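The values are calculated or read from the model by the stated rules, or taken from the named source; none is laboratory data. Bear in mind the structure is a predicted one, so any value in this text is a computation, not a measurement. Please note: Cβ atoms are built from the backbone with ideal geometry, for glycine as well, and neighbour counts cover all protein chains shown.
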Amino acid sequence: MTTLINQNPIIYEASAGNSTREWREEDENEDAADPIDAQEVFDLIRSISDPEHPLSLEQLNVTQRDHIQVSDENNTILVEFTPTIPHCSMATLIGLCIRVRLLRCLPSRFKVDISVRKGTHQSEHAVNKQLNDKERVAAALENSHLLEVVNQCLATATSGGVVANIVKGPNPAN
Amino acid sequence: MDRLISTYILAQTDSQEQADAAIQDIVKDVGTNPAKLLSLVQGLGEYLTSDEAFVRSKATALLSTTLATLDQSKVTGSAVNVLVEFYCDRLTDQACVPELLKGLLALSKFDKFTSVDCIKAAKAILALVNVQTYQQTARHFVFLFFESVLNRHTQSLKTMSSDFVFGFIQCLDGEKDPRNLLLAFTLIKKIIQEFDIAQHVEDLFEVTFCYFPITFRPPPDDPYGITSEHLKIGLRDCLAATPYFAKFALPLLLEKLSSSSGGAKKDSMETIAACAPVYGSSALTPYAEELWSGLQNEIFHATGDELEQVALNTLQVITAELSMGVSLGGSNDPVEKFLRPIITDCMTQLQQPELKLAKPSGKILKACAMASDPACTSITLATIPTLLSQYAASEQSTRKKALLDVLLDFLEASRVLYGSAGKPSEHDTDFVTPLLTFKDRFFELFTGAIMSSNEYNALRLAGVKGLHGMILLREFLSETEISYAVQYFVRIVLEDPDTELQETALKSLASLASIMPGVVRSIALPAFFEMLPTSQNDMDVDTIIQKKSPEYILSAVTKIGQEPTLFADVVPQILEKIELILRDFAGANTTYPISLLTTLLTLLRAKAENDHSDLPQYLNQLVPHLIGMCVLPTVSSDDGNHIMKNAEILDVVAGITRVIMIRVDASAQNDFVKTIFGIFMNGDLSALPSTTQYAQQVPFTPLLANSRVSQQNTSILFATVIDGCRQQTVLPVEDLQQFTGSLVEVAIQTANPIQRMALSKTVATILNKFNKRDALQPFIVQQLIPLLHTRIHQEQALFEEREAALIMYIWVTKAMVLSTNAIGYDMGGELMNIFSIPRLGKVAADGFNLVIGEQHDVLTKETFAVIRLLYKQRFFNYCIPVLVKGFENSSDEVRHNFLIALSHVLRNIPKQVLLTELPPLVPMLVHSLSFPDPELKASTIETFQVITKDAPNLMADHLSTLTPLLLDLTNASDPANTMKVRTAALKCLGAQPKSLPFTALRPYKTHVLKELEKSLDDRKRMVRREAVECRSQWFTLNGSIGSA
């Protein structure tokens, strides 16, 4: 068994059910536009699984709705995430997963910034720089092994935010 | 005979048929005359002693096959004797051994095969045949032979004792074929059970255990159907067959437990669990520590839920077995010794209960505690006090919650071990749970958690679950304590703002309602009803904000009110509330009374599903009361608005009537129907419970075309009653045809759509159900159809009347199609002729949905309609060619109606039929996608989705046409692409990567991904959600390829 970076993390309750979004009447209205908001972005990333544990990012409190800011009219999104421990070497990988997920799921008009939440990681600056460098992200995804790991983490992600089926399997990041 | 033998022997390998025919003739010959057996052997003589091995073997084969197919009663005892002797002697002839074995197997099944023969044959085989040098079939004969003799001659084989066991071990040694192994495993088990194996334990173990763990994987087209699971279980049964294996097996199993393969681990654990009860506690004790350290790894670092569960289960079995061990002075008690490190390890983890490893620790303690009374007691005493003081000391609510979760595990363990409340106990009632000592503390803790004003709901949730868990324990809480707990639940349901908490508390109440209805009846129900508004004032918005809405409370009532005693309380309460509304706030809206009635309906449906026996009695108690409430307001002089005249209310009352009516027998139905006819046909209201409130001032004539609309609407109730009739129930009318005809007339003339629909349904049910032996056939063919036909085509008549006639026509078609009456198909064809009539054409096309679609409220199986098997297929087979032809010969506008009808038919047809008939229809379906009719589009896309999933190859053939079309349909700027169309198109596209081969989709991948990007920015969130799913599917198409 490979040693895990964080053997015994704290587990948080993931909100039950599909999404914490309540149904509104205008959802059925053909013409009423529903702007993209923080909840929607959160729903996209909360059920991504952690590369180390068979748990979702939401259960590990890596992502929180309150740490996402969205402006639909200015086409900007800021996602901040919190690594489980300050020396977590998985931080970049987690950030990359979020990055790829949003690249695939959001319209390209948005400028998406992804960063480690201030003061939660010892090398946050370096991590942030990597995550927001388009070329480095693209280069990372050329690596087929890495891409496979990312796809595996994303396999559990669903648009409604429900964890489809977190597959407990051998640790992909060995 | 000689001729046949020589034909057989000389037959070339390529004329196998000839040889087979010869064998058959010989067998027939010998079968009729046993003396021929002798001449067969004599005739074979020269061949059996031939110099050529091939000839000898072939001759033996002939004799063996004959013996195997022969009727054994024709063979004398001495013949068997001689044959056995003969066969055994020849076993030295290696070339013939496979055939000889076959013959011995055949002989061993003969009744006249004596124990002397048996020992002779067994000894000869063991001595002369080196089993593992022969091919699989020959080895199989050996094992089959041993199976046969072990089943029939165990006692005589026992005289060989040790020689036999040893010989068998040698036969098996090196066997690899799964078919042989599966057989051998059952034989080993039998040998272990029947024979003295003391001297061969180790040999026997080695020859068995070498197969562990089974790694066999059946070839993809395995004709024998042997799975690795079969072998695993076979082997496991052997290993668990004797305690003598313990000292050899346990160290090796422990070793395999630490292997890296998940399958081997699982197999090891399951085998340990199977062996533990056989090996016994004294054998397990030396390995206790190692077992724990091996198993804990599987739980703390579980790689899958399944493995974790197996590990926990194994732990439980071991604990249970060790508990039976003899205690040699307190400290050496095996179970105590086993549990000590487990408790220490788990308690260390539980010092930080909010971390990941705490949960598995709780599960471990639960599994061990569930194993036996001593284990449970010892764990409880060792851990609960610490956990309780830890709870008292912790401030953090997350930590508290995690600790409560562990206590919940203990409650669950106790319930499994010591029995549940309200269930007849299969458990030893002498034992009581050790948790009893801590009952008061637990109660205090859980209620405290419920009352905590903390924001953290999970803690309060754990409190609710804890109280519930305690109530469920047998002989645990006193009645007073239970009623306290129920009060807590009631308060949460009625007052707490958090929905998850409410739901959990309500669920607890619901489960208690079935095991202890008394306390729910005396505490929960009255509290709920108290909260329902009783006056106009109560309904005002201000007061409702503080309280829960009536709908919410009523939905709570539906969860708990099913049990007969509870339901008997609910009915009068609800009726009383409705009376109150009618008297005091007549102007109020209908939502509240509808909820009240729906509560009854939901409860009745739940009762029907659970086959409650108190259901029929409500036909006379409840139904007339409700019908009276609906009918009486329509006969007073004032025909103003009245709540009970509302059509929705009538629908609910109809639902209630149906659910009860279809569960009473024919004689009760006859009486009921008589009363109903008295009311609706003759206007005789005396049967209804009279109230002084409504004096009858106008006659009640609901089935006329010119009566009051409010009276006409009540025909919904009449239709329901007729629909609910059993086939043997008699309608109290003199002339059924005339009666039906009059209903048809009214349905066409009336301007009231509700009445028209009700009467159309009634006519359809009568024609479907009471057309016994085609009694109504002449009426339908000679009167009804011509009448409707004329009315539909009467061009100068009002459109409404023509439409009414058409609707009636469609309903009659349905009635006929359901009973596969041939008239139905002609009528279906006639409907297509109407497609070209403006406006009526669309109605006719939509009629196909009614004709072949399932109805939930009328003409159903449960309401005794005549529904023949495969009626859909037969209709489908009839109308598809006609539809296709009609489509081809029509103008564009009319084509639209054909496509609509087609989509209705396809949507309602069983999938298997659909898939076989689809290929020629695809072009028509593609055509449908370009009509600007959202309903048609959506329904067609759904058909394509079914094709994608179940006939991927068909879909693949049409990708080049369909992919661009589907992508177009996701375009939000076209108003015909409604939300429904766009989501359906995305769903259909998203289903492709899962079902279609990568090679078929690859050419489209880049384009699809690009086009889907637009849908990511759709103005509707629901569409975006589908787009995200769809795009993810396409991204992971072939996994490794693809980038952002």
Since B:PHE998 meets every condition but one in (1) closer than 28 Å to A:VAL137 by Cα; (2) within 14 Å of another protein chain (Cβ to nearest Cβ), which condition does it not meet? (2)
One residue is enough: does segment B:977-992 have a residue meeting the conditions within 9 Å of another protein chain (Cβ to nearest Cβ), at pLDDT 90 or above and crowded, with 20+ Cβ neighbours inside 10 Å? yes
Here is a check on your reading of the model: is B:THR543 assigned to a helix (DSSP H, G or I), modelled with pLDDT of 90 or more and not assigned by TED's automatic domain parsing to the domain that holds B:HIS856? no
Residue by residue through segment B:254-300, note down the ones that are over 25 Å from B:LYS337 (Cβ atoms) and outside any helix (DSSP H, G or I). B:SER259, B:SER260, B:SER261
Those residues that are within 20 Å of B:LEU580 (Cβ to Cβ) and either surrounded by fewer than 19 Cβ atoms within 10 Å (Cβ to Cβ) or of a type in the set (Ser, Thr, Tyr) (or both), I need them from segment B:595-623; list them, please. B:SER595, B:THR598, B:THR599, B:GLN621
Please verify whether segment A:89-99 includes one or more residues that are touching a residue at least 60 places away in the same chain (Cβ under 8 Å), surrounded by fewer than 19 Cβ atoms within 10 Å (Cβ to Cβ) and away from chain B (no Cβ under 11 Å). yes
Let me spell it out: the conditions are (1) more than 26 Å from B:PHE567 (Cα to Cα); (2) within 35 Å of the chain's Cα centre (by Cα), and B:THR657 meets all of them except one. Which number is the exception? (1)
Close pairs (8 angstrom Cβ cut-off, 6 or more residues apart or separate chains): in a helix (DSSP H, G or I) in segment B:959-976, charged (D, E, K, R) and at pLDDT 90 or above anywhere: B:LEU967/B:GLU1011; B:LEU969/B:LYS937; B:LEU969/B:ARG982
Could you list all residues from segment B:420-459 that are modelled with pLDDT of 85 or more and within 23 Å of B:ASN313 (Cα to Cα)? B:THR433, B:PRO434, B:LEU435
With the condition kept exactly as written, say whether any residue in segment A:138-155 is over 28 Å from B:ASP305 (Cβ atoms), modelled with pLDDT under 90, surrounded by 16 or more Cβ atoms within 10 Å (Cβ to Cβ) and in contact with a Ser or Thr (Cβ under 8 Å, 6 or more places away or on another chain). yes
Working carefully through the options B:SER293, B:SER268, B:SER282, B:SER260, find the one that is away from chain A (no Cβ under 14 Å), of a type in the set (S, T, N, Q) and either surrounded by fewer than 19 Cβ atoms within 10 Å (Cβ to Cβ) or in contact (Cβ under 8 Å) with a residue 60 or more places away in the chain (or both). B:SER282
Which condition breaks for B:ASP196 when tested against (1) closer than 16 Å to B:SER161 by Cα; (2) crowded, with 16+ Cβ neighbours inside 10 Å; (3) not small (Gly, Ala, Ser)? (2)
B:ALA751: passes all of (1) in the same structural domain as B:VAL866 (by TED's automatic domain parsing); (2) surrounded by 19 or more Cβ atoms within 10 Å (Cβ to Cβ) but (2)
Take B:VAL763 and decide whether it is part of a helix (DSSP H, G or I), assigned by TED's automatic domain parsing to the domain that holds B:ALA815, out of contact with any Gly (no Cβ under 8 Å at 6 or more places or on another chain) and modelled with pLDDT of 95 or more. yes
Being more than 14 Å from every other protein chain (Cβ to nearest Cβ) and not hydroxyl-bearing (Ser, Thr, Tyr) narrows A:LEU106, A:LEU57 down to just A:LEU57
Among the residues of segment B:709-730, count how many are surrounded by fewer than 17 Cβ atoms within 10 Å (Cβ to Cβ), hydrophobic (A, V, I, L, M, F, W, C) and farther than 21 Å from B:VAL635 by Cα. 1
How many of the residues in segment B:1017-1038 are buried (at least 22 other Cβ atoms within 10 Å of the Cβ), within 7 Å of another protein chain (Cβ to nearest Cβ) and in a loop (DSSP other than H, G, I, E, B)? 1
Would you mention how many residues in segment A:29-49 are buried (at least 23 other Cβ atoms within 10 Å of the Cβ) and assigned to a loop (DSSP other than H, G, I, E, B)? 3
Subset of segment B:639-693, residues assigned to a loop (DSSP other than H, G, I, E, B) and in contact with a Phe, Trp or Tyr (Cβ under 8 Å, 6 or more places away or on another chain), comes to B:ILE662, B:VAL664, B:GLY683
With the structure loaded, tell me whether A:LEU78 is within 30 Å of B:ARG1019 (Cα to Cα) and in contact (Cβ under 8 Å) with a residue 60 or more places away in the chain or whether it fails that test. no
Of all the helices (runs of 4 or more DSSP H) wholly in segment B:354-472, which have at least 3 residues that are away from chain A (no Cβ under 14 Å) and over 23 Å from B:VAL490 (Cβ atoms)? B:358-369, B:373-393, B:397-418
Mind telling me which of the residues B:ILE343, B:ILE318 ends up being closer than 30 Å to B:GLU194 by Cβ and at pLDDT 90 or above? B:ILE318
